[in-house]
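Engineer: Got a structure for you, questions after.
The values are calculated or read from the model by the stated rules, or taken from the named source; none is laboratory data. Quantities reported herein were computed from a predicted structural model and do not represent experimental measurements. Quick reminder, even Gly has a Cβ in these numbers, built from the backbone with ideal geometry, and neighbours come from all protein chains shown.
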């Protein structure tokens, strides 16, 4: 196991820049997925994105004279890909056909909580009192969020799909961290490839249409999500996990819902109730409480 101790150095400004870039990118990708679902079948759209990402990331890895993961690194990359791309992305894409993009991002704000519990159970990180307190507050926010969305006639099935996807994403990052430190481009190339196979099989099982994007409306979300999301944010996050603990890295999702809620409201006129905002506020407050001591426990 190559998990670094929580007391490791934060390695200067680089990780913070990667952290901010991930938040900014992921704050917009939930909305881009929503736009893409207007033009392509959701799981098929995820499949196309992953195929493109696997090809481009593999080419970039080989072009830099690097090899794709092997041995224990390959096992870690495959586990990461199954959870992060084979389970998480299809569930997110499909869930966003039933749930507004802003609320989808808020549900992903539970990832630091699930990461803390998973890494604590596996002995990778300490499960501190502060983390537990943050978890309790965040769970209260999620409960209020679910209650408010039911009143707003948002599908519980869609919310459940997104929550399962978020939890799988958290586990994927944990599995990547447990393996040997590796090149983030190669790890994501392998992860995207196995995710594409799983997503494609699910798309076939669902009987989705498999049309290729032939209009700008269909092509731009796919290209943006591939470049900014798969080649950008996911690579940065994988690099960040090499420098920070899993839980600390996961707190990037604290800033994502704020950006996504604002974009969803402005670009798609998505209306949220007062209870939705209260629930989101509790989720964010819980995560901030849990993160409060992290600057000394990277």
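Engineer: Just a yes or no: is a residue in the stretch 160-172 under 18 Å from residue 54 (Cα atoms), more than 15 Å from the chain's Cα centre (by Cα) and either crowded, with 19+ Cβ neighbours inside 10 Å or touching a residue at least 24 places away in the same chain (Cβ under 8 Å) (or both)?
Structural biologist: For the stretch 160-172, residues under 18 Å from residue 54 (Cα atoms), more than 15 Å from the chain's Cα centre (by Cα) and either crowded, with 19+ Cβ neighbours inside 10 Å or touching a residue at least 24 places away in the same chain (Cβ under 8 Å) (or both): absent.
Engineer: Output the number of residues of the stretch 53-79 satisfying the condition of being surrounded by 14 or more Cβ atoms within 10 Å (Cβ to Cβ) and in a helix (DSSP H, G or I). Outline the logic, then answer.
Structural biologist: We begin by selecting, within the stretch 53-79, every residue surrounded by 14 or more Cβ atoms within 10 Å (Cβ to Cβ); these are 53-58, 60-62, 66, 68-69, 72-79.
Now restrict to residues that are in a helix (DSSP H, G or I): 53-58, 60-62, 72-79.
So the answer is 17.
Engineer: Quick check on the stretch 132-144. Is at least one of its residues assigned to a loop (DSSP other than H, G, I, E, B), farther than 30 Å from residue 189 by Cβ, out of contact with any strand residue (DSSP E or B) (no Cβ under 7 Å at 6 or more places or on another chain) and in contact (Cβ under 8 Å) with a residue 60 or more places away in the chain? Explain how you work it out, then say what you get.
Structural biologist: Just the residues of the stretch 132-144 that are assigned to a loop (DSSP other than H, G, I, E, B), to begin with: none.
No, because not a single residue in the stretch 132-144 is assigned to a loop (DSSP other than H, G, I, E, B), farther than 30 Å from residue 189 by Cβ, out of contact with any strand residue (DSSP E or B) (no Cβ under 7 Å at 6 or more places or on another chain) and in contact (Cβ under 8 Å) with a residue 60 or more places away in the chain.
Engineer: Then there's this: Looking only at the stretch 85-102, count every residue that is surrounded by 24 or more Cβ atoms within 10 Å (Cβ to Cβ) and in a helix (DSSP H, G or I) and tell me the total.
Structural biologist: Residues flagged as surrounded by 24 or more Cβ atoms within 10 Å (Cβ to Cβ) and in a helix (DSSP H, G or I) within the stretch 85-102 amount to 12.
Engineer: Given (1) outside any loop (DSSP other than H, G, I, E, B); (2) more than 19 Å from residue 73 (Cα to Cα); (3) touching a residue at least 40 places away in the same chain (Cβ under 8 Å), where does residue 120 come up short, assuming only one miss?
Structural biologist: Failing condition for residue 120: (3).
Engineer: Could you figure out which of (1) more than 25 Å from residue 101 (Cα to Cα); (2) assigned to a loop (DSSP other than H, G, I, E, B) isn't true of residue 187?
Structural biologist: Condition (2) is where residue 187 drops out.
Engineer: Enumerate the helices (runs of 4 or more DSSP H) found wholly within the stretch 199-294, keeping only those where 1 or more residues are buried (at least 18 other Cβ atoms within 10 Å of the Cβ), touching a helix residue (DSSP H, G or I) at 6+ places or on another chain (Cβ under 6 Å) and modelled with pLDDT under 75. Please lay out each step first, then the result.
Structural biologist: Numbers: elements: 216-224, 234-241, 246-250, 256-268, 274-291.
Per the criteria, 256-268, 274-291.
Engineer: Among 82, 43, which is the only one that is within 15 Å of the chain's Cα centre (by Cα), assigned to a helix (DSSP H, G or I) and either at pLDDT 90 or above or buried (at least 24 other Cβ atoms within 10 Å of the Cβ) (or both)? Give the derivation first.
Structural biologist: Working: 43 fails: within 15 Å of the chain's Cα centre (by Cα).
Criteria check complete, one pass: 82.
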